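Written out below as structure tokens is the structure these notes cover.
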Amino acid sequence: MEQPGYQTRNTVRGVVYGTVVQAGTVGDLHIGDVHHHAEPERDFRADGLWALRRKDYEAAVADLTRAAPADPELDFFLALALLRGNRPHRVRSSRELAEVRDRLRRVAHLPHARLLLLLTDEDRGRCWERGGPVSGLLAELVAAADPEAVRTILDHVTATENRVWRFLAESQGMGERA
């Protein structure tokens, strides 16, 4: 087998990444084709969402951080990944919690992002310890939010004492789960 880039009168064979040249001669006429075969670009968004579904938070953070930021949903999913399956008041560092909150504020026009921000703020301040009713805004946001997005929040953040979390769980017919 000829090495990539080795020129012959007929063709170049072998595993070649980049430019592949197929050429030959017929009589005095030289015939050639140039083909470019590049590795397909990696879809960091899809890979990050797949990692998030598997609860592989480190891979999700890495991939979603590298994904093109054109989609506002990306900030929501990256905020979930940055929580790393922890309730907000147990996040590793205040810097990461600040990044979660910043990303959610950027997409606060999305009802589910606003719900996660409210849950985060409630948990960060440990407001459930003081008791009292939850904001009337919650019912409006839950009604406007995609139920799948609400279930995603509940799947990645478990904070059964949190009033916002309990409201979300009840809205999905889940009651309190451990």
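The packing ranking, built from the mean of other Cβ atoms within 10 Å per residue, places the peptides 138-149, 154-165 in the order 154-165, 138-149, highest first.
Could you please report the charge total around L83, scoring K, R as +1 and D, E as -1 over all other residues with beta-carbon less than 12 angstrom from its beta-carbon? Around L83, the surrounding residues sum to +4.
Net charge in the neighbourhood of R105 (other residues with Cβ under 14 Å of its Cβ; Lys, Arg +1, Asp, Glu -1) is +1.
Coordinate-derived values only; no laboratory data. Predicted model, so just to flag it, every value in this text is computed and none were measured. When we count neighbours, we look across all protein chains shown, and the Cβ atoms used for this are built from the backbone with ideal geometry, even at glycine.
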